[in-house]
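Q: The structure under discussion is supplied below as structure tokens; questions concerning it will follow.
The values are calculated or read from the model by the stated rules, or taken from the named source; none is laboratory data. Predicted, not measured: the structure shown is a model, and the values here were computed from it. The accessibility values were calculated without ligands, DNA or RNA, using every heavy atom of the protein model including side chains. Shrake-Rupley method; radii C 1.70, N 1.55, O 1.52, S 1.80 Å.
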Amino acid sequence: MKKFSSITRVNSRRISRNKKYIRIIAVTVLCLATLMIVPVFIRSVVAMVVAPVNAAKTWLYYSGQSFPQYFRDRSALLEKIRVLESQLAQESGNAYTIKTLVAENQELRKLLGDEGEQRILASVIGRPGMLPYDVLMLDRGSKDGIQVGAPVYIKDNTVIGLVQQVTASTALVRLITSPGFTSTVYIIGPNIYTTAKGIGGGQLRVGVPQGITLSEGDLVVLPSIMSGVYGEIHTVQSIPTEPEQYGFVSPDIPLTGIRFVSVGTTPMQSVSFEEAQQILQDIKTSVFVVPVPEDVLIDTQASTSTATSSREDNMVVP
Amino acid sequence: MFVRASFFLLLVIFASTGPVPLFLLAVGIYTVLYEGYEILLLAVGIDAYFGYNMGYSYTLGFGMLLLVVHFLRPKLFL
């Protein structure tokens, strides 16, 4: 009788455990089904939950109120003491600060697109490693004019992604390096169109058949975007027995180092091949043109007039 | 119950602010301690909001984690 009772207890425990397995699988499948059927609803519910967390984060990092500023100022002051001490040690005075500010000013001017289209400056409040997917979170949202589908830039013309979701005060950017993100690119060097795939971690992979010369340093351009330079090929993986060779592309600045980005004011629209060709032509021209000050630049017209005038000025009659 | 709710709230905050390794570690501890289905809801939220049609990795991963923890639980003497 005792043995029977013990066997019954073990069996009942086993049945209960099996039931739990089935329940876990059922709940997972149910969750996946809900995710596939009503993703928009879930997204809006999560946006409501995430909004106060983001608001608190923005308040703590960027607010001008005294409480968060106290903590920021404290850490900023400690940082400044460290910088000043090192500056004193190097006897460099304020030169470093001025240099940093000038560089930051130039960076911000470039980000805002001081030449060409208007853009919205945004700070990055979440990046890969801090967020569960390969996305960036910005501190600007729909109330600042950010729209879904707008391109996101670092530096003056490097496109890194597209706005995929906007709330009133935040925006979520899907990076073109996100796994599975496919884009058409043009490689300046071999001068070919090909497809690039995001592989995560700020890396883009372009695949071309063997026989096409792919070199490190070749510039990769997104012809669907005006001024859409992405970066240059930093590594080429070519195995002679494989039909394809791969180039790995990354922007100059690593994703972890991005503090500011600029967002285009208009969403991207699909472009035809002819339009892409025209954009590409403009990019190819503009990429190799550097704004050189007039007094430094010596071109045919300038050099002729300079040479003529200098010859006239220095002409010595024997 | 209060501790469990607070822990779950902490998971929600970690999910939206990161860092991801800390979040995953916290999810692991939470699952071992409570073995609750609510982490699947959290995973659905992450996949819908941050994933945006990029995959269902968190839902599948957390489902697997629940199964593994449930399988290992008697062996862990918990």
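Q: If you count only protein heavy atoms and use a 1.4 Å probe, how large is the accessible surface of residue A:80, to the nearest 10 Å²?
A: Surface accessible to solvent at residue A:80 totals approximately 120 Å².
Q: Right, next: Near the amide H of residue A:149, under 5 Å away, which other amide H atoms are found, from residues 5 or more places off or on another chain, if H is placed in the peptide plane?
A: Residues meeting the criterion, in which the H sits 1.01 Å from N, are A:163, A:164.
Q: Taking amide H atoms as placed 1.01 Å from N in the peptide plane, list the residues 5 or more away in sequence, or in a different chain, whose amide H sits under 5 Å from that of residue A:167.
A: Excluding prolines and chain starts, which carry no amide H, the hits are A:142, A:172.
Q: How large is the accessible surface of residue A:238 in square angstrom, using a 1.4 angstrom probe and rounding to the nearest 10?
A: Solvent-accessible area, nearest 10 Å²: 60 Å².
Q: Further, regarding this structure: Starting from the residue with the highest accessible area, list B:59, A:182 in decreasing order, probe 1.4 Å.
A: Sorted by accessible area, descending: A:182, B:59.
Q: Put A:123, A:75 in order of accessible area, largest first, 1.4 Å probe: what do you get?
A: Descending accessible area places them as A:75, A:123.
Q: Something else now. Round to the nearest 10 and report in Å² the accessible area of residue A:73, as given by a 1.4 Å probe over the protein chains' heavy atoms.
A: Probe radius 1.4 Å; accessible area of residue A:73 about 70 Å².
Q: On a 25 Å Cα-Cα criterion, which of the cross-link pairs A:19/B:75; A:155/A:197; A:143/A:197 come out too long? Numbers along the way, then the final one.
A: Details: A:19/B:75 18 Å; A:155/A:197 22 Å; A:143/A:197 32 Å.
Pairs exceeding 25 Å: A:143/A:197.
Q: Mind checking how much accessible area B and A bury in total, 1.4 Å probe, in Å² rounded to 100?
A: Heavy-atom accessible area buried at this interface is about 3400 Å².
Q: What is the ratio of the Cα radius of gyration of chain B to 2.2 N^0.38 Å, with N the residue count, to two decimals?
A: 1.08
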